[in-house]
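Novice: Please see the structure below; I have some questions.
Taken together, the values in this text are just the output of simple stated rules run on the coordinates, not laboratory data. Values in this document were obtained by computation on a predicted structure and should not be read as measured data. Using ideal geometry, Cβ is built from the backbone for each residue, glycine included, and neighbour counts are taken over all protein chains shown.
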Amino acid sequence: MNDELRRRLREAATAHRPDRERMLARIERGTAASGTPVPRRPARAAPWLRVAGATAAVAAVLAAGGYGASAVLSGPGRGDRPVQAAPPHVPSQAPRTEDGPLWSDGPLWSDGSVDPHSNAYWAQSNVTLKTTEPLTSLTVELRIAHTGGVASTGAWRTLPEGDFTLRTDTEDGFLVYRWRLRPGRTVPAGTHVFAGQYDHARGGRDAGADSYTAAARFGSQQAAVRGDFAPRRD
């Protein structure tokens with residue numbers, strides 16, 4: 001804000017603060033000369049009325065000069081400071097690398113987590129799949145590393161049991177759960193969970209070496225996702 005505009009603002013503010021004492025004195029002199037009784041002076045105007053008048057005057061000057069009110073009210077030197085807008089929200093997503101996690105692909109999204117009801121001797125690992133399109137083919141594979149005492153105690157899924165085949169194997173140091181959608185069956189759009197349950201050695205088990213994959217078909221297209229589980233933090 002330049003000096004000329006500051007000067008105009010001060011003049012505008014001063015002009016809208018009338019000197020009531022001087023005005024009343026002039027009225028008294030005029031009425032005394034005419035012989036008319038001088039009325040009792042009314043109470044002083046409320047401060048907010050004077051402030052409102054000055055504010056309106058300042059706003060008029062600002063509008064004429066093309067300035068925003070915030071440039072003045074922010075104080076000397078602060079009105080010229082650029083306002084930084086908040087950065088846009090960027091949803092977190094795993095990198096789409098050849099070997100790294102891929103949690104979403106087309107209509108398919110996934111997440112792996114150890115169930116909070118797990119304990120020092122037993123655990124359940126959950127694979128959550130979300131799809132915005134019906135799936136005509138789906139294979140889900142959950143791999144639990146043999147970290148000590150790992151043995152399957154069962155598995156389940158939120159989709160109908162009769163729609164899937166389930167196979168549990170031990171492969172290359174992993175306990176593997178593999179669900180396959182039966183031919184002619186369809187997975188509806190929505191959120192679905194596939195869970196593997198197992199015993200393990202006493203103590204908090206580290207799931208950092210566990211992983212999962214899911215491959216699906218929707219219409220004439222295919223989608224695949226993969227991911228892992230958070231390692232134990234002591």
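Novice: Which of D228, D115 has the fewest other C-beta atoms within 10 Å, and how do the rest follow up to the most?
Specialist: If I rank by nearby Cβ atoms, fewest first, I get D115, D228.
Novice: Then there's this: Please give the length that would be gained between R185 and S137 if that part of the chain were fully extended, namely 0.36 nm times their separation in residues minus their C-alpha to C-alpha distance (nm, one decimal).
Specialist: Between R185 and S137, full extension yields an extra 16.5 nm.
Novice: Going 7 Å from the Cα of R217 along its beta-carbon direction, which residues of region 124-138 have the amide nitrogen within less than 19 Å of the resulting point?
Specialist: Under 19 Å, as judged by backbone N against the label point of R217, lie 131-138 of region 124-138.
Novice: Only counting other Cβ atoms within 10 Å, I'd like R205, R185 sorted with the fewest neighbours first.
Specialist: Ascending number of Cβ neighbours within 10 Å: R185, R205.
Novice: Can you put F218, F174 in order of Cβ neighbours within 10 angstrom, beginning with the fewest?
Specialist: F174, F218
Novice: Could you give each residue of region 154-159 its phi-based ³J(HN,Hα) in whole Hz, using Karplus coefficients 6.51, -1.76, 1.60 with θ = phi - 60°, and x for Gly or Pro?
Specialist: Result, ordered by residue: x, 7, 7, 8, 6, 7 Hz.
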